[in-house]
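Single-structure report; data block below.
Please treat every number below as a calculation from the coordinates, not as lab data. Every value quoted in this text rests on a predicted model; they were computed, and no experiment measured them. Neighbour counts are summed over all protein chains in view; Cβ atoms, including those assigned to glycine, are modelled from backbone coordinates with ideal geometry.
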Amino acid sequence: MSKKTKTPKAEPVRDETWRDLVLSHDLFAGDFGDGSERTLCNKIAIAKRGGKCRECTGPIKKGETIRVIKMVDSEGFYGGRCCQACCDAMALSASDGGKAMDARAARASQATES
Ligand SMILES: [Zn+2]
């Protein structure tokens, strides 16, 4: 492809550093770990459809920048999609000691209680 065309569709607005921080954040730290887990997919994407965030259980809107993660271990497949706000929190967690992610988790527990 030599011709550069401007795509009208939404592209991730976050830069490389942001992506690296988000993707390197270990979502499953402490939850799993029998040694058999493998990452099948771990990427930043644009949501093609709405849905629910696996972290904060909040809505994912179409066109949002999200993290898609798919894992497999001896128990089976797991993973899901994380909303833009949670991605931002993941990027922050590298420097704030996890406070931003705790705030997202608190949101999730509130949502399930109501
Ligand atoms: Zn979320």
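State the extension gain, in nm to one decimal, for the chain segment bounded by Q110 and K70, taking 0.36 nm per residue of separation less the distance between their alpha-carbons. Display every interim value, and only then the final one.
Working: separation 40, 0.36 × 40 = 14.40 nm, distance 2.56 nm.
Working it through step by step, the gained length comes to 11.8 nm.
Considering only the other residues whose Cβ falls under 9 Å of the Cβ of V68, what net charge follows from Lys and Arg at +1 and Asp and Glu at -1?
Result for the neighbourhood of V68: +4.
If you take the square roots of the eigenvalues of the alpha-carbon gyration tensor of region 41-114 and sort them as a ≥ b ≥ c, do you get rounded (a/c under 1.5), prolate (a/b over b/c) or oblate?
Details: a/c = 1.25, a/b = 1.20, b/c = 1.04.
Since a/c stays below 1.5, the shape of region 41-114 is classed as rounded.
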